[in-house]
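These notes are about the structure you will find just below.
The values are calculated or read from the model by the stated rules, or taken from the named source; none is laboratory data. Bear in mind that the values here come from a model prediction, so they are computed numbers and not experimental data. Note: ideal-geometry Cβ built from the backbone for every residue, glycine included; neighbour counts use all protein chains shown. Quick note on the areas: whole protein, heavy atoms, side chains included, nothing else; ligands and nucleic acids left out. Shrake-Rupley method; radii C 1.70, N 1.55, O 1.52, S 1.80 Å.
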Amino acid sequence: MLPSSEHPPSGAGRVVVIGGGIAGLAAAHRLATSGVRVTLLEATDQLGGKLLTGEIAGAPVDLGAESVLARRPEAVALARAVGLGDRLQAPATTAASVWTRDALRPMPRGHVMGVPGSPEALSGLLSAEGIARIGRERELPPAELGDDVAVGGFVAERLGREVVDRLVEPLLGGVYAGDAYRISMRAAVPALFDAARAAGGSLLEGVREVQRRAAERQETGPVFMGLDGGIGTLPPAVADAVRAAGGEILTGTPVRGLARGTDGWRIRTDERELTADAVVLATPAWSACALLADAAPAASAELAGVEYASMALVTFAFRSGDTEALPAGSGFLVPPVDGRTIKASTFSARKWGWVAERAPGLFLLRTSVGRHGEEEQLDREDEDLVAASLKDLAEATGLTARPVATEVTRWIGGLPQYPVGHLGRVARIRDAVAALPGLRICGAAYDGVGIPACVGSGQRAADEIIATAPLVQGTVRDGRE
């Protein structure tokens with residue numbers, strides 16, 4: 001631990017990572033295992049951000065993110081790198097439903113984020129008129145997507161609002177807790193955006209092209225993966241690996257100031273001032289905005305415009321014998337248009353084998369509440385959120401049992417929003433930051449909100465620091481501090 005204002009010895013490049021979410025931890029891990037002297041500063045007492053484990057009725061459970069997209073490699077590779085490879089676990093079932101028009105209806109196959117490749121894929125979920133409207137896309141003239149377009153508006157224009165309201169909206173809401181009519185298609189569904197643009201705006205042709213490319217890649221294996229014990233066990237494992245590689249991690253250490261000086265970067269906390277040759281800023285946009293106000297005012301101004309959505313997870317433990325009413329499958333999504341309180345429910349004991357094994361005699365499930373523009377939901381008391389969730393669960397599934405235990409977890413400002421033009425904003429932020437030597441940014445606000453995207457964002461920032469900071473290069477090349 002360095003005393004106040006002490007600079008690392010000549011030739012021993014030092015990097016400070018600000019922010020201990022999974023992006024910051026991934027950056028610190030990449031730096032430390034590359035031979036770089038790294039210090040990570042986290043404002044709270046908890047590493048991992050929205051990757052958090054807890055307990056309910058004595059059983060372990062994820063209280064934040066519960067799985068990673070396995071078809072994108074960064075998160076799974078990081079888990080293996082820090083010794084969790086033998087705990088990776090595919091879902092026991094992925095058969096989900098949509099609770100809409102007063103019934104649970106099977107989630108259709110053959111779609112890309114809810115956009116179908118054929119009308120038949122949505123039979124039973126949409127009305128007869130809604131299905132017929134999809135088929136009429138072939139009669140529409142070509143459409144120009146331009147640089148970007150809102151997912152909801154474009155899909156409604158081409159295939160009708162029912163597709164958006166009953167399927168695209170709940171699926172996108174599960175990822176971003178946002179509004180499909182504001183979310184950028186280019187940022188949220190880039191493969192479909194590119195395919196549809198190449199097909200003259202045809203979404204049906206675009207979906208089929210995305211599916212054709214996926215078939216050519218012959219992707220096998222599970223789409224998603226979890227960890228025995230919870231995805232929330234990943235951050236402490238990464239932190240342990242950072243320390244084992246010589247890195248330093250300080251929690252409960254909020255950064256109050258960041259400035260560029262003649263001898264590198266100065267990072268001010270409540271108790272000390274550190275100096276570093278390079279900085280990786282892995283904080284939410286509002287924090288990065290404040291820290292960059294003096295050093296990079298243009299980037300700070302852009303970061304000020306990044307909006308966030310808040311949500312809550314309500315976790316329940318029921319006695320196993322009281323849950324016979326629950327349908328088969330991993331849970332269900334709820335379209336906002338149906339006016340329910342919950343937007344989804346996950347039957348954790350069905351979805352994850354480790355949950356059932358570690359909670360004998362119990363059935364664990366959870367609901368999610370709130371999205372962008374519905375912040376008032378988060379102002380409700382815990383008891384109200386529990387009661388509203390139980391009411392919706394009863395109406396959707398027939399479950400009327402009382403839970404053994406409940407846990408409400410609020411994620412205030414948990415998910416950054418990706419409206420139309422988001423990627424342009426990110427490019428402007430990166431251009432402004434790149435003008436400052438030895439500074440990079442990473443995290444959910446930029447390249448994707450999923451765990452693999454955040455891990456990749458942190459690793460990219462670390463790689464760019466290693467490639468551009470002279471003292472860091474010396475450290476890696478010489479293999480010494």
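Overview of values
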item: Solvent exposure of the chain as accessible area per residue, Å², 1.4 Å probe; result: 40
item: Of all DSSP beta bridges in the chain, antiparallel share, percent nearest 5; result: 70
item: Distribution of pairwise C-alpha distances over region 235-274, 10 Å bins, in %; result: 26, 36, 35, 3
item: FRET efficiency for residue 194 and residue 434, using Cβ-Cβ distance with R0 set to 25 Å, rounded to 0.05; result: 0.50
item: Two-site label geometry, residue 400 and residue 81: point separation in nm, points 7 Å out along Cα→Cβ; result: 5.3
item: Rough spin-label spacing in nm, given labels placed 7 Å along Cα→Cβ, for residue 132 and residue 271; result: 7.1
item: Surface share of carbon and sulfur [accessible, 1.4 angstrom probe, percent] for the chain; result: 50
item: Alpha carbon Rg of the chain, scaled by the compact-globule rule 2.2 N^0.38 Å; result: 1.02
item: Coil-residue GluC sites (Glu not before Pro) of region 249-311, DSSP, other Cβ within 10 Å capped at 10; result: 271
item: Formal net charge of residues neighbouring residue 139 (Cβ-Cβ distance under 15 Å; K, R +1; D, E -1); result: +1
item: Alpha-carbon gyration tensor eigenvalues x 5, square-rooted, for region 334-476, Å; result: 42, 21, 12
item: Region 407-456 - Rg over Rh from alpha carbon coordinates, Kirkwood radius; result: 1.06
item: Residues residue 384 and residue 322, FRET efficiency given R0 of 22 Å [Cβ-Cβ distance, rounded to 0.05]; result: 0.45
